[in-house]
Every structure is written in C-alpha cells, then in structure tokens.
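One structure is given here, and the rest of the page talks about it.
The values are calculated or read from the model by the stated rules, or taken from the named source; none is laboratory data. For clarity, every value in this text was computed on a predicted model and none was experimentally measured. Neighbour counts run over all protein chains shown; Cβ positions are idealised from the backbone, glycine included. Calculation scope for accessible area: heavy atoms of the full protein, side chains included, ligands and nucleic acids excluded. Shrake-Rupley method; radii C 1.70, N 1.55, O 1.52, S 1.80 Å.
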Amino acid sequence: MQCDTICVHGGDKPELVTGAVTTPIFQTSTYVQDAPGKPRVYDYARAGNPTRTALEEALAAIEQGGKHAITFASGLAATQAIVQLLDSGDRVLVCEDVYGGTGRMFDKLFAKYGIEFIFVDMRNVSAVAELVNAKTRMFWIESPTNPLLHVIDIAALTALAKQHDILTVVDNTFASPLCQSPLQLGADLVLHSTTKYIGGHSDLVGGAVITADDHLAERLKFLQFAAGAVNAPIECYLLLRSLKTLAVRMQKHQHNAMMIAQALEQEQAFSAVVYPGLPSHPQHALASQQMVNGFSGIISLRLRGGKAATYKFMQNLKLIKLAESLGGVESLINHPETMTHASVPAARRKTLGITSDLVRLSVGIENHADLLADIRASL
Ligand SMILES: *Cc1c(COP(=O)(O)O)cnc(C)c1O
C-alpha cells in the first residue's frame, strides 16, 4: 500500500467487543487476570496498553522498512532509551548541529558515564571515517539538520558504519516518515519526536523509535518497560488520530514552504534563504535523491540589519507566532540562538553559524499567500 493509505489505516482493527471503528482510549493502569500470573493480553499499563499497541503498529507501518515501533513520553525519552543501549567506554559520532536537547543530553547526562560523544560535520564522510576507532559503536545522524538544514548523506554513512559493525541512528523528525525513509537507506534505528509533524497540532509531547531489527526492538521494549517513560493512553489516541492526516498535512506543509522559499529568495531583506528544495541549496541534488517525497516544511532565513532588525521582524509578525517547536498546523517562527539552541555552548553555536540574524520558520498549513502577506507586512 502507498503511504497515504497506510496513514489512514495503520494499526487499524475494529474493537473486539463493540466493533468501534477507531481505537478507544484504554484509560486503565491495570488488567484483570484469569489466574495468578495469567493475564489475558496485558498485565500493567507501563508494560502495555491497547491504544499504545495500535499506535506502535501504525508507526511501524508508516516508517518504510520498519517492523517494530517503540513509543516514549517525549522525543528525548526515546533518545535516552537509545543511548542506554550503549556501554561505558563506547564512542558515538554525532552530527555537529544536532538538535540542542540531544547534544545537551549527551554532554550533560551521559558523558559522565564514560560514553564519549564526538561532534563532527557529517556532510564530510571522510572526516567521520577518520574518527572511527575500535570503540565506535554508534553514528547519530540528523538530516536535514536543525536549524541550518544541512543535508547528510545517510546511505554513505550507513555503508561506512556497516564496515565497522556500528549502529546508525537517524533522527527523522524534520523530514517526517513521509519525506524520507532512513531504514531503506540502511539505518538501524529511526527516531521521531512525535511532538512535531506526527502529532502535528502542537498539543502533545511524544517520541518513537522504529526498527526492522528484532533484537534491537526487544532491547528497546525492555527499556520502555523497565525505565517507564511511556506516553499516556490519551496521547497515544491523539497521535493515532493525527497519523490519519499526516500525508495530506505534509503535502500542504511542503507546498507552502516551497512557495514561500521561492518568494523570499527575491526579497532584499534576507541575506540567506535556506530550504533543501531550492536549487540554490548547496546539497539540493543529494536532498532530491534522499528526500524522495518532498523537502518538508522548514525554512531557515538570515536577515540583513543584524539583531535589532531580526528581533523586530519576529515581533512584528501577526499570523506567524513566535514560539519553539515545529511541525504543527500553525506556522511558527523561532530564534535558535536564544530559544531552541540556547543550550548549545556559545563557541559551538558560533562555529555552526547560529547567530543573532538567523530565524527558523516552520511553515504551517494555512494559505501561503496569507503567510507571505504577514512576512511582507512585518518587513
Ligand atoms: C523536538 C526534537 C527532539 C526532541 O523531542 P521532544 O519531543 O521535544 O523531547 C529531537 N530531535 C529533533 C530533531 C527535534 O526537533
């Protein structure tokens, strides 16, 4: 089946007792057992819940090449579970402009357990190869990256990883399962902050890991159960409901983003308009190859006139709201230096180019002409 059909029907099973077409919210913490130690299906809600099972089946079907999905209370809870697959002494190579919260978790929470995290520009595959040693166990990849929208060659890195028995993780949050399929490109684990495009309505926080590997899935399932960072049944339900419109939402997000990126390239006020779908993007060819169903809905912009002009621009916008996060139906603008990437050490921010003139626009599903009018009025 095609992905728009899977979005509507993934995890679908009419409910056994009533025939309800949608999966109910099983708001329970525990389940009756027929005899001691003989549960019917589920025994306790941290270990399992039918609403969560339906969500996990749907996510495993939508992320192409996936077989198992394991969901968590947030994207970072999913990240934490993946890091807990590692041992003290292991080395992880991380793309240098990784999501701020991911870098913070690596540096501030896990480095003290003797796991070594090395940040590297993963656009340069030979720079990555040079850092591989006998202790290297994992590559942590994001593409497109946040907030600079660099495109990383996932297939080249998974090929390198396989030569050295290294696990590859791709944080696919920015592309969504519809635009890019890292498992098909050789990745072992795909991570989503379901808070973003998958949730899509800015009303919940969640995370998921998807894999085709039975053994990794079993270990992650154990971490989900034993560490306990699970989504509540209501959130599983909302995510299932959101998945049904993911394909149509993504089409509109990326159509709007393309129209707006093309229009803003003509505006003198911006010194840079970065969108992987524009031929002016330095890795447009790679993006076209890798993001087979479109370029998603995030645009990064640099304003002429420095910090004062940039702040004024963001505060003048009326329809587009100044807020963290992305991937919702409503358009949001974010200032990475002071908001999403404030936790990135200042020196690393400077080398990366996360400066005061940079803004990140998450294009929603409104009419693109209204969004452009808001941007032009603000300029
Ligand atoms: C938001 C985000 C995360 C973290 O997810 P939470 O749901 O906020 O914990 C991880 N990676 C990327 C790319 C994100 O945008």
> Can residue 111 be described as in contact (Cβ under 8 Å) with a residue 60 or more places away in the chain, out of contact with any Lys or Arg (no Cβ under 6 Å at 6 or more places or on another chain) and among the aliphatic types (A, V, I, L, M)?
Replying inline: no
> Here are 129, 111: which of them is surrounded by fewer than 17 Cβ atoms within 10 Å (Cβ to Cβ) and farther than 24 Å from residue 74 by Cα?
Replying inline: 129
> Looking at (1) within 14 Å of the ligand (Cβ to nearest atom); (2) buried (at least 24 other Cβ atoms within 10 Å of the Cβ), can you tell me which one residue 145 breaks?
Replying inline: (2)
> Within the stretch 224-256, how many residues are hydrophobic (A, V, I, L, M, F, W, C), open to solvent by less than 30 Å² (accessible area, probe 1.4 Å) and either over 19 Å from the mean Cα position of the chain (by Cα) or within 25 Å of residue 14 (Cα to Cα) (or both)?
Replying inline: 6
> Given 69, 77, 20, 54, which one is open to solvent by less than 40 Å² (accessible area, probe 1.4 Å) and farther than 20 Å from residue 191 by Cα?
Replying inline: 20
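Yes/no per residue for (1) under 21 Å from residue 101 (Cβ atoms); (2) among the aromatic types (Phe, Trp, Tyr); (3) within 12 Å of the ligand (Cβ to nearest atom):
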site: 150; (1), (2), (3): yes, no, no
site: 153; (1), (2), (3): no, no, no
site: 158; (1), (2), (3): no, no, no
site: 161; (1), (2), (3): no, no, no
site: 164; (1), (2), (3): no, no, no
site: 171; (1), (2), (3): yes, no, yes
site: 183; (1), (2), (3): no, no, no
site: 188; (1), (2), (3): no, no, no
site: 194; (1), (2), (3): yes, no, yes
>> What pairs come out if I take residues in the stretch 185-199 that are within 16 Å of residue 231 (Cβ to Cβ) and modelled with pLDDT of 95 or more and pair them with residues that are near the ligand (Cβ under 8 Å from one of its atoms) and open to solvent by 20 Å² or more (accessible area, probe 1.4 Å) whose C-beta lies under 6 Å away, six or more apart or interchain?
In response: 195/205
>> Considering only residues that are closer than 11 Å to residue 139 by Cα, among the β-branched types (Val, Ile, Thr) and touching a Lys or Arg at 6+ places or on another chain (Cβ under 7 Å), which ones fall in the stretch 153-174?
In response: 166
> Of these, 168, 245, 158, which one is in contact (Cβ under 8 Å) with a residue 40 or more places away in the chain and of a type in the set (Val, Ile, Thr)?
Replying inline: 245
